[in-house]
Every structure is written in structure tokens, then in C-alpha cells.
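The values are calculated or read from the model by the stated rules, or taken from the named source; none is laboratory data. Small disclaimer: the values here were computed from a predicted structure and weren't measured. Cβ placement follows ideal geometry from the backbone for every residue including glycine, while neighbour counts extend to all protein chains displayed.
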Amino acid sequence: MTNYVYGVESFEKRAEKYKVVTHDLVRNVDACVIGSGAAGAIIATKLAEAGKSVVLLERGGYYDGESMNQREEDMIPLLWKNAAANFTSNLRLAIAQGSCLGGSTVINDAVCFRMPDLVIEQWRATGVSITKKEWDQANDEVSKRINVKEVTEDELNANARKLREACEKFRIDGKPIKHWNNRRNCGPSFTDPNLTKCVKCGFCHLGCHYDTKQSMLVTYIHDALNNPAANYTAYCNCEVERITYEDGVATGVDGIFRDASGNEKFRIRVNAKLVVVSAGAIASSNLLHKSKIGGEKVGKGLAVHPAPFVMGHFKGEIRGNQGIPMSYTCHEFGVTNGIKKGGFLIESIFLPIFQMAIAIPTFGADHFRMMKEFNNYTMAGIMVRDEPVGEVSMSYGGSPKVRYELSAQTINDMARGMGILARMWFDVGATSIITSHRDVPEIRTRADIPKLKDAVRNSPDGLMLGSAHPQGGNKMGGDENESTVDSDCRVFGFKNLYVCDASVFPTALGVNPQLTVMALATITANRMVKNWNSFPKVKESLGSTCHISQPRFCNAETIGEIFAVMDHDAKLFPKLANSAEKKPAIGKNWSFDSKTLRIYNDLYWRGFYARDTDALTNLLRYFGGFYKKFWKVDDTTHKGITHPFETQIVDAKSIAKEKEVTGFGKVIHLEYEDFPFSTAYDLLKMVDENTIIGKAFVGPFGKGRELFNFSMSRAYDVDFVSEEDLITIFNSNELSHAPTAREIAGRWEGMLVSDSAVTPRAQIFYFDYEDGEIDMRYSFANMLHGRSDVRITDKLFRFDDPTPFHDELRMVTPDLVVGRWVTEWSSEDALQPFIEDFRRILPIPFSSAAEPFLDRITRTLNVRGARLPKEAGVSFLGVEEDKIKGTRIGLSYVLKRIA
Amino acid sequence: MPDYVIKGSLKDAKGQPITNVKVQANDSDQQWFEDRNDDFLGNVWVKSDGTFEIPFDSKQFQEGWLEGNPDIYLLIRNSSGEIVHQTEIRIGVKPSDTRNLTFDIVLDSLEKRIEPSADPYAQNNARVLAAFARLGDVFDIRVSDTERVLKLLTSAVNAWSLYTREEMWKVIKYDGPQVPRYPWKEPKHSHKLGWDRQ
């Protein structure tokens, strides 16, 4: 299992050992590292080299050099996060990040700047206790391993040489400015021995076909995968859903393998001594948000290095796309020249044709005219050291939502930089300038440069802005109240949870950050190894993965596979019988453990459909739920009923007997007694006394056609709570209480509860508590927003909205609330005649529970209001009955605390 | 006495017996029924020496006068129940036909086989659609400038529809990609750049 790359995509050929994930996985390891970019890859490899077993989880896929074909339409969806549709929430700023094995190091321009001394000092002043010596040592170690070398003269392309020429000519008050060649991480290809240095194809943004760019993919990850002494596995196409923890100890992570459309394929549970989040700025904050870690300070303080561009048009061909795009930098105005606040670097860059077509801010004939001159442009970007004013929050659907507004200082720096670069291009013979501002897309004389600067200052929204360096959000520092992680990158309040990537930067770096991220990862990994004995033991858990002991988490195919090889445990057959009671009796036939959040329900066997997300299974899950209840006749026979929740007056009577069935071995054969159910049968296998897996067939016994696979259980998690379970918890003073305003304060996600299943997030409730008052806001399906009036009594937390319904809440644990959206109680009866009509049309057997209300039908002559008998409650819409109060209808839901 | 007995063995590539796998024998009805509702003939765990025997009777597969003899094939499942191998279908096997009732199988892996995709880029449309769905989740119309958003979308559509096409590259004189579209299918492709060759 180890030293492979795993993913859900299958390929003819890959450079590393690769396997396709075919089922859910559970791994117990020393370290789980989330993210395979500049930080995660280094930490994972260094821990593996220190003898630790490591699992590396990556959201993107694994693509080797041979699959990187230099075509934007093929590579951007494959390698770039969100297929490059990765924007701030107002679509003002495009943020380029890698989403593949190796992360952004696969698609960046291989520029390596050491962390400026000035920034080291600024960070130390904010409480980061990493010395210059430690940074230097780490930089040396990384630089050697990824072969960081200064760009040679022959590696400067025409675009870079033009920028150098412009820098050489440029004077401020008669003085020359600072500029020099970049350092880059390129070197020998491990797949083509003839290639010992950069090929200079110019397609760095689309992955390096030649494997000469020394990204994490071909260095640290490659080394670990091919180290026979290492215990190292990389799982791709795997999105981490949450980090689990107890009392300041991270216990592991739950991940989902997704296909190209984002649909769930399989799940993974990793139990680890050490959990490291290196998902990159933005994604790391999002994961902490989803895991409810770090509180309100998480996500705040995001900087992005916004980078407008300026192009020069020349009479002769430049062919800027030929050769290394980023090989030369003007340092005069940036942090590398001692500028303490703000400032910018002017960096050579050139875009492939599709990206260039998006970047040029014109339309129609003008756009085509400019694109036709593609070979005659020079290009450079103004990379601004911005203030950390951005914020990452969580969208309704759980995605990272980035808010970022340019500060006055940043706008001014961009205006200055664009003005300077325009002057530079004119200095070296440009005939016109193309800018990234929509209002001034082209200027033809030096005299128009102030117009460009004014446009930037007065209308910064007109700029086409990109960023490739998101930083911050989980600030590192010494103060727990202001910072998310300490100087070891350990999350405050946790023994074994780390965040290590650009998200911990307290300020923008001012230079391309990959080398600093790698150096920080090196320092962090060294400190982890040094402190290894302080980490707790692995606590094993199956999480929500498919396993024979919890088949409710399995997809249909896997239930079928388990059924094919699992033996039915005949000793358990006598225990098939359920409680004879018809109502939940707490402690007798029904219980709820508020610590484990598990429900034991012996009223019946709750049926569970497979976890597949196709339309039919979803429909069945929410509207076709069922249970089976058994009574013992003798040691060889049970009588039972199968009862669909949805049609609550239907009982399908059955007889259960153990039999040998060809192809399945010993099973429980469930034979239905009455037509039309007798045309079908079920085969069941008991896994343990609370778990059954089954197959439903239609047709003659032994020759029937398989309909679907399912499972049943008497013990399940609160995530599978039924409406009856919820009302039992709601009505019990031992299991729930009316929360106080202080207790409920926070943000909660709500999931609707049908008879048989719980939906994904359906609403968010916000309870803001201030000065003794509580302000309640709701957002339903991210479309219906509003406020409610809150009333708190000893028994109930109630809030009213403009409908005839109101909400009632009861708190189960500090992070779990059960709620009902209900009408007022009423003693009116109605709709029974409709049930009687239904019964006449379709004569099907009725359960004994239905008889009392059928009697009432004969007495009910008038329909008076929209009251429903309990038995006619539909999937989500429940009807509650009380002997004194009457009936009421409503929806049930579970609330889980988000923040 | 059963009418038929399937016998066989399972070995790995080195000739060592494979154990802890389950062999399922089926009668294929695909020539009669399109939906492949095949008959089960038997299901056994392989013995410790890698051999197995599956006895069965005619009544287990005979649907009527149509089927005289079974069309046998085997499914091999690993301990998780995953199908790791399926044999060829042997048509109309008679009870005395010991050659066709014997299956000696060599397996190089006990992992579920997934047919490789010839085109890793084939799912890119799905990736782009999924990306836009996520973008829709984070997009905040209340703080957005509608005109700018429309311009951005127009730029993206224009760039995608025009400038990812090789015909347009020729118009622009963009020398573009230096390797074949499916490089691994042409292992001898050149790693020399066009402009260097010139």
C-alpha cells in the first residue's frame, strides 16, 4: 500500500508508481499532511526520511511531465485550482494557484528569492521566533535540493533583456536603479537524462513537460516515493472535509475522493499522531473553518501581491513567449531594496496566448488588433507588497470566500509602478504601451503616462488584476489572541495540529514566496522531529468510511461486494427480534449517548440506502425510507413487517428464515406474504447483533432480479437521526434543554430531518449575543434571508418568523441542537376522508397503528383546516399528536455549531 | 451426485497458490437476455493449496428447453469482495467435458482492475463546469460590479473560443506548444524547441 501515488483517475502510463483507488480507505499513520505544495511536500518527505509513516493528501490529481502538453485548454483545468476560475467574491481579482500533486510549484515560474532580511526582522517584531540563522540554514538546505541557481546570460530571453536594457537606462534624479537576474529552481530531468537544465520552452505556467523545473513533484515527492526505507503514500483527488479532534488533540482527518465533476467516489479516514495543514493560503483557512478550529481570527489578514502588468509594443519582433518568462527583476522600488512599507518589484513575465487574450483589456476589433501584435510585445508585472487586508470566510456551500479590497497604499504603489514601467518601455523604443486598465488600455506617448496613473488612482476597479501569491489568514505569532499558530506553526490550543504554508505569514513577503514557504516547512519539519515524543498516540477510528461494521456509510457496489464474500453469522439469528413496544421508551428500547452522539433504537431495524448520490438513490433516501420489525416465532422463524416511512399506513408482512442460497451461501430469506409485496423477496446477512446487510429482489425466490442493496441497523450516529428519534430527544428533559442566549450564541448549520434521512446543509442560523440581547438571523438555502423574534422560556427557545410556523429549539450538547419549525397546537381533525378514498381505490393492508384514526374517519364529516392525522405525515413534514394539545405539523432539523 | 463439477486452481505469476479469494461460477444468459441476469452456479473460497471445486446441478441454470448446457464463466473476488478477474465464457459445457470444466487461472494482482483512460484531458469540460459551480457558490452579487463581471465573462469566452484554436495561432504567428498533444503516445517525440532548431 505504501510508496504509491493513489488517485481516482486511471492512466495508461505514469512516471511514478500509481494505483487507482477502488474502495474506501482507513490509514493509521504517524503523520497526515494535507496539501502537496511547497510546504506539505517538504514536511511529508522530511518526516518520512526521519522514519515516520506518512500519508500525503492532495485535492488535485497526479499528472507527470509526459501528460503536460503545453496547451492551455488542456492543462489549466487539469493543474490550476478551480480551472483558473478562482476569484475573490466580487470577481475583481483572479488568484492563480496549483491544484495537482506538487501544488503551485508545478505551475509557477520557478522564481526563488530568499526571504529579505528586512522581513525577517519585521516578523520577529510581531512575535515570530525564528532567527536569521535558522532561515539561512533552511534556505541553504532547500536551495541545494531543488537546485536553485542564478539565471545565466543565455537563459535571458528577448523580453528579459529588454527589461534589463530599460532598467539600465532608467534614472531617478540622475541615479541608476537596482536590478539583477533572478534565481530559479531548474536542473536535471529525472525522466530524460539528456536534459540537464531548463529547456526554455516558456510554458512554466502549464507544468514542465521536460521535468527540468525542480518542483515538489520531481524533487521531494519523487524522492520519498522512491525511497525504499520510507513509509510514504500520496493520495490525490482527495479533498479533506474536516480535521477531527478531542480536547486539544487532533485525532485525524476525513477526506473524500472526488471525480472530475466533484462528485464523491470514495472516502478516506486517516488516524494520525500528527496532522499538518499545508493546503495553501485560502484552502488552509477554509479547512480550519470547516473543522471549527481557531475561532474568529482564522482567515483574517490575507495579502495577495496584486500584480497589474504593462506591455510595450515594438516595431520589431520580440517573441516574448520564447524562453523563460520570469528571469529578470527590477528591485529598486521594493522590499529587496530596503523599502519597509509597501513597495513593488518589476518582474519580467510573458503569458501564453490564451492567458494573454484574457489579460488584454479591450474587446472586438481593438482586441484582435492588439492580439495580432502578440510577437511584438514586451511584458512585465508590478508585484506590489500589499497590506494584509483580505479575509477568507466560508461560503454557504462550504467553499472559501475571499474578500479583498485594495488599500490606498497599494493603489498608489500600483499607479507608481505602472507609470515607471511605461516610462521604461518608452525609453527603450516602445511605440505604444498596453496597460491592464480598462479605461486606459493603450497609450501612445509619454505624455499620457500621468493619465494612466490618474486612472489607476481614481478608478482602481478598472484594473485587470491577478495574483499568484496569496499569503496570510492564519497568522503566526506569539500572542494566542491575535495569531492562529505559534512560531513552530503549531495551532494554539493543540498538541499535534500544525498549519504550515503561506497562510501563516504575518505580512506580505514582498518577493515571490515559494522559497520562503519551503524554508519555513524545513524549519517546521525539523522542529516536529525534535519534539516527536510530545505527540500523542494514534487513536484508531473508522470515521465515516464504508466498513462491514457500519455499512450505512457504503455505496451500493461495495455493499454488494461485502455481501458476496461475507458469511452470515447464524448465531445471531435469534437476536433478529425487536422490542415489542410501539413507542420509544428511553433506556428500555431506545437510548441516546450524548458523548458519542449515537442512537440505539430497538423499535425496529432502521433501513439505510447506499450512500450513492445519483438522483434515484437520493429520492429513495429522503422519500422512500423504510424500517423492518421482527417478532420471534421459534428458533427458526421470525415474523415481521417492512414498513415504508413515507406511506405510514402500509405494512408488508413477511416471514424470515435462514436458508442456503446458491451464490450467496447461508442467508436470511425474507418472504413477503401478501400481494403485491409477495412478488419480491430480500436476502439478509447479519454482521453483528445490530447490523444487517441485505439485497432486495423481484421475481421468484432464487431466480429474482436484483433491485438494490441496503443495510439496516439498530445503532447509528446522530447524522442519521430520524424524525421520531429527534422528537424523542426534543421531548426529553434528560437529553435536551432550552438553551440560554449565551449558550446558543454563534453560527449554526441546519440539516432537515426526513422520516429516514438527514439532508446536507439546508440553512444557517446566526445568533449574535450582545449586551444581554440576542439577534437571530437566518439564511435558508442561501436564498431566503431574514430575522426572527426570539423568546426564551424555561422549557423552550422559540423564535417567530412571518409565517404561521415558528421555531422551537432544544440544546443537546454545546455543539448540537435539535429544532422544529411547527404550527401552533390545534385539536381540529381533517383529511381522513381522503385517506379513506385512497384505501377504497387501492386495497392494501393497513397497520394496526392506523386503525384508531380509520375509526375516526367514519366520524369526520367536515374538513376543518389543514390538520393532518399523524399517519399521513409525509417525509419531511411530520405530524405530532398530543392527547391534550391536539396536533401540529412541522419540519424537524438538527443544528450543528459552525462557529 | 451433482451433474457438473467445476475444478481449478489459482496461482500468482511465480506459480505460488493464491488463497483468500472467492470463486463464483455463473451461467451466462447474455445470448438469450440482454440484461445479463445470469444464473449462479456456486460460490466457494479457494483452498489453502489454491485449488477449488464447484459442484452444481442442471436445475440451477435451466430456464426451460432453451438451455441444454451451461455457458460457464468464473468471477474471482478478493477478500473485500471486489471482482479482480473474470474468465472467458465457455459455451455449452457438457457434464463430461472436463477440459472446459477446468479453470487454471494465473493472476498478477488481487486488486480490482480499472481500465485506463487513454485521454487524461477528456474530463476537462466536467472540471470547468464544476469550477463554475464552485465559483457560483462564492460569488457575491451584492459587492460586484455587474458591468465588470460581464466584461470578464466576455473576455474569458472570447479567449477560450478563439485563442485555444490552432487556426488562430497561425493567424497570430504564435509558435505555441513544442510537444505533441498526447506526448506519451509518441515516446520518441523531440525535446528540442522549434526556435532552437531554426
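Observations on the model:
- Members of segment A:581-597 that are of a type outside the set (Gly, Ala, Ser) and either at positive phi or loosely packed, with under 15 Cβ neighbours inside 10 Å (or both): A:Glu581, A:Lys582, A:Lys583, A:Ile586, A:Lys588, A:Asp593, A:Lys595, A:Thr596, A:Leu597
- Segments classed as helices (runs of 4 or more DSSP H), wholly inside segment B:87-198, with at least 1 members that are in contact with a strand residue (DSSP E or B) (Cβ under 9 Å, 6 or more places away or on another chain) and at the interface with another protein chain (Cβ under 7 Å from one of its Cβ atoms): B:124-138, B:146-163
- In segment A:374-418, the residues that are within 14 Å of chain B (Cβ to nearest Cβ), more than 30 Å from A:Gln763 (Cβ to Cβ) and out of contact with any helix residue (DSSP H, G or I) (no Cβ under 9 Å at 6 or more places or on another chain): A:Asn376
- Looking only at segment B:70-113, and only at residues there that are over 24 Å from the mean Cα position of the chain (by Cα) and small (Gly, Ala, Ser), the one that is surrounded by the fewest Cβ atoms within 10 Å (Cβ to Cβ): B:Ser96
- Residue match in segment B:175-187 (condition: aromatic (Phe, Trp, Tyr), modelled with pLDDT under 95 and more than 29 Å from A:Glu16 (Cβ to Cβ)): no
- The C-beta contact set for segment A:732-753 (first residue under 30 Å from A:Gly624 (Cα atoms), second residue assigned to a helix (DSSP H, G or I) and not hydrophobic (A, V, I, L, M, F, W, C), distance under 8 angstrom, 6+ apart or interchain) comprises A:Leu735/A:Thr728; A:Val753/A:Glu723.
- Identification of strands (runs of 3 or more DSSP E) wholly contained in segment A:390-449 with 2 or more residues that are within 38 Å of the chain's Cα centre (by Cα) and at pLDDT 95 or above yields A:390-394, A:400-403.
- Single residue of segment A:755-785 satisfying the filter (more than 30 Å from A:Thr617 (Cα to Cα) and of a type in the set (Phe, Trp, Tyr)) that is nearest to the chain's Cα centre (by Cα): A:Tyr766
- Qualifying residue in segment A:326-346 (condition: within 14 Å of another protein chain (Cβ to nearest Cβ) and crowded, with 21+ Cβ neighbours inside 10 Å): no
- Restricting segment A:70-101 to residues that are of a type in the set (Asp, Glu) and surrounded by fewer than 24 Cβ atoms within 10 Å (Cβ to Cβ) leaves a set whose member that is nearest to A:Ile358 (Cα to Cα) is A:Glu73.
- From the list A:Ser432, A:Ser399, the lone residue that is within 17 Å of A:Val298 (Cβ to Cβ) and surrounded by fewer than 23 Cβ atoms within 10 Å (Cβ to Cβ) is A:Ser399.
- Criterion: touching a helix residue (DSSP H, G or I) at 6+ places or on another chain (Cβ under 9 Å), acidic (Asp, Glu) and either within 23 Å of A:Arg258 (Cβ to Cβ) or within 10 Å of chain B (Cβ to nearest Cβ) (or both) - qualifying residue of A:Glu58, A:Glu49: A:Glu58
Table: residues versus (1) assigned to a helix (DSSP H, G or I); (2) under 24 Å from the mean Cα position of the chain (by Cα); (3) of a type in the set (Val, Ile, Thr).
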| position | (1), (2), (3) |
| --- | --- |
| A:Asp461 | yes, no, no |
| A:Gly472 | no, yes, no |
| A:Glu482 | no, no, no |
| A:Ser487 | no, no, no |
| A:Phe494 | no, yes, no |
| A:Tyr498 | no, yes, no |
| A:Gly510 | no, no, no |
| A:Ile523 | yes, no, yes |
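- Exactly one residue among A:Asn526, A:Asn481 is at pLDDT 95 or above and assigned by TED's automatic domain parsing to the domain that holds A:Arg267, and that residue is A:Asn526.
- Residue check for A:Asp247: away from every other protein chain (no Cβ under 14 Å), in contact with a Lys or Arg (Cβ under 6 Å, 6 or more places away or on another chain) and surrounded by fewer than 24 Cβ atoms within 10 Å (Cβ to Cβ): no
- In the condition set (1) surrounded by fewer than 21 Cβ atoms within 10 Å (Cβ to Cβ); (2) without any contact (Cβ under 8 Å) to a residue 24 or more places away in the chain, A:Val199 is compliant with all but (1).
- Among residues of segment A:533-548 being farther than 22 Å from A:Glu241 by Cα and either in contact (Cβ under 8 Å) with a residue 24 or more places away in the chain or assigned to a loop (DSSP other than H, G, I, E, B) (or both), the one that is farthest from the other protein chains (Cβ to nearest Cβ) is A:Ser534.
- Top-ranked residue of segment A:678-723 - restricted to ones that are surrounded by fewer than 19 Cβ atoms within 10 Å (Cβ to Cβ), charged (D, E, K, R) and away from every other protein chain (no Cβ under 13 Å), ranked as nearest to the chain's Cα centre (by Cα): A:Asp719
- Restricting attention to segment A:124-142, the residues that are touching a strand residue (DSSP E or B) at 6+ places or on another chain (Cβ under 8 Å) and part of a helix (DSSP H, G or I) total 1.
- Of everything listed in (1) away from chain B (no Cβ under 11 Å); (2) on the phi < 0 side of the Ramachandran plot; (3) small (Gly, Ala, Ser), the single unmet condition for A:Gly429 is (2).
- Within segment A:181-227, being among the polar types (S, T, N, Q), in a loop (DSSP other than H, G, I, E, B) and away from every other protein chain (no Cβ under 14 Å) holds for A:Asn182, A:Gln214, A:Ser215, A:Thr219, A:Asn226, A:Asn227.
- The residues in segment A:560-577 that are closer than 18 Å to B:Val23 by Cα, in a helix (DSSP H, G or I) and in contact with a Lys or Arg (Cβ under 8 Å, 6 or more places away or on another chain) can be counted, and the count is 5.
- Verdict on A:Arg114 being surrounded by 14 or more Cβ atoms within 10 Å (Cβ to Cβ), in contact with a Ser or Thr (Cβ under 8 Å, 6 or more places away or on another chain) and either of a type in the set (D, E, K, R) or in a strand (DSSP E or B) (or both): yes
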